[in-house]
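> Let me begin by handing over the structure; questions about it come next.
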Amino acid sequence: MTDDFMTGGRIFAIGDIHGCYDRMRNLLDRLPYDPATDFLVFLGDYIDRGHQARQVIDLLCRLMAESDRVIALLGNHEHLLLEYHRTADQALVPFLRQMGIEDFLEEYGSPNLNGLRDLSFLPPAHRQFFHALRPYWETDRYFFAHAGFVPGEPLAGQRTEDFCETRDLFLADSSDYGKRVIFGHTPFELPFVTPNKIGIDTGAAYGNLLTAVELPALKFYHA
């Protein structure tokens, strides 16, 4: 992947979608993305809050089937869903409800949380999509994760939840990581840009914009 990128391909990274399919579709239409040479990276949190998550996942499945240059990362909303599926830990239920999981279930016609235990309410392609989500992706110049990571910890020592849920320590850290980190998770009114990181969750689920960044040009697109 790094070699392809180095020969001229671009990377387009897209922030937290949260079921906002119409914004996602409009944003994709605005990107000068060439699937033959460019990478398209989605930073996680495809579900909850918005009411078109099923359409979002349908489109992601189609894009990934068409090109191995489409990368979908794990967000904290997907991670919590999968943790409940794996453990059936009832202590997770209040957090799932707070995140809006019942609206997500309603989109699939699942009446209650019991469907999360085996994910039987999901079409097979959607179940496969959730299980295939990556905690991070990197090239020679950039590191992509939903939330970032814990500063000072080696990559091999990071937990999946570190890539999905880290916030304050990561945002405050000004260290040179050797690669610029592209992340979502924390909503900003405008893209958050520092020498070592770029945050592109601009709160689409709260009525603000859905944002993409083109790399290495550092050009932003909104819908």
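The values are calculated or read from the model by the stated rules, or taken from the named source; none is laboratory data. Every value quoted in this text rests on a predicted model; they were computed, and no experiment measured them. Counting neighbours? That spans all protein chains shown, and the Cβs are built from the backbone with ideal geometry, glycine included.
> Hey, among the residues in the stretch 25-66 that are of a type in the set (Ser, Thr, Tyr) and under 21 Å from Pro216 (Cα atoms), which one's surrounded by the fewest Cβ atoms within 10 Å (Cβ to Cβ)?
The first filter runs over the stretch 25-66 and keeps only residues of a type in the set (Ser, Thr, Tyr), leaving 33, 37, 46.
Adding the requirement that they be under 21 Å from Pro216 (Cα atoms) leaves 33, 37.
Working: Tyr33: 21, Thr37: 13.
Applying the filter and picking the extreme gives Thr37.
> Between a first residue in the stretch 133-147 that is under 15 Å from Asp176 (Cβ atoms) and free of Cβ contacts under 8 Å to residues at least 12 places away in the same chain and a second residue that is surrounded by 18 or more Cβ atoms within 10 Å (Cβ to Cβ) and not hydroxyl-bearing (Ser, Thr, Tyr), which pairs have beta carbons less than 8 Å apart while being 6 or more apart in sequence or on different chains?
none
> Quick one: would you say Cys20 is more than 22 Å from Thr160 (Cα to Cα) and either in contact with a Leu (Cβ under 9 Å, 6 or more places away or on another chain) or modelled with pLDDT under 95 (or both)?
Details: more than 22 Å from Thr160 (Cα to Cα): yes; either in contact with a Leu (Cβ under 9 Å, 6 or more places away or on another chain) or modelled with pLDDT under 95 (or both): yes.
In short, yes.
> Tally up the residues in the stretch 169-213 that are more than 17 Å from the chain's Cα centre (by Cα), crowded, with 16+ Cβ neighbours inside 10 Å and modelled with pLDDT under 95, please.
0
> Would you check which residues across the stretch 175-212 are within 23 Å of Val150 (Cα to Cα) and outside any loop (DSSP other than H, G, I, E, B) and list them?
Those that are within 23 Å of Val150 (Cα to Cα) and outside any loop (DSSP other than H, G, I, E, B): Arg180, Val181, Ile182, Phe183, Phe192, Val193, Thr194, Lys197, Ile198, Gly199.
> Would you mind finding the one in Ile17, Ile57 that is under 25 Å from Arg141 (Cα atoms) and either outside any loop (DSSP other than H, G, I, E, B) or aliphatic (A, V, I, L, M) (or both)? Explain how you work it out, then say what you get.
Details: Ile57 fails: under 25 Å from Arg141 (Cα atoms).
The unique qualifying residue is Ile17.
> Sticking with this one: Could you list, in sequence order, the residues of the stretch 98-127 that are in contact (Cβ under 8 Å) with a residue 12 or more places away in the chain and in a helix (DSSP H, G or I)?
Once the filter is applied, which keeps residues that are in contact (Cβ under 8 Å) with a residue 12 or more places away in the chain and in a helix (DSSP H, G or I), the stretch 98-127 yields Met99, Ile101, Asp103, Phe104, Leu105, Glu107, Leu113, Leu116, Arg117, Ala125, His126.
> Still on this structure, I have one more. Only one of these is over 24 Å from Pro32 (Cα atoms), out of contact with any helix residue (DSSP H, G or I) (no Cβ under 7 Å at 6 or more places or on another chain) and not acidic (Asp, Glu): Gly109, Gly203, Gly115. Name it. Full working, then the answer.
Numbers: Gly203 fails: over 24 Å from Pro32 (Cα atoms); Gly115 fails: out of contact with any helix residue (DSSP H, G or I) (no Cβ under 7 Å at 6 or more places or on another chain).
None of the other options fit; the residue is Gly109.
> Here's another thing I want to ask about it. Has the stretch 70-91 got any residue that is under 22 Å from Gly199 (Cβ atoms), crowded, with 20+ Cβ neighbours inside 10 Å, within 19 Å of the chain's Cα centre (by Cα) and among the charged types (D, E, K, R)?
The answer is yes; a qualifying residue exists.
> Please determine whether any residue of the stretch 143-163 is acidic (Asp, Glu), in a helix (DSSP H, G or I) and surrounded by 17 or more Cβ atoms within 10 Å (Cβ to Cβ).
At the first step, the residues of the stretch 143-163 found to be acidic (Asp, Glu) are 153, 161-162.
Going one step further and asking which of them are in a helix (DSSP H, G or I), we end up with 161-162.
Then drop every residue that is not surrounded by 17 or more Cβ atoms within 10 Å (Cβ to Cβ), which leaves 162.
The answer is yes; a qualifying residue exists.
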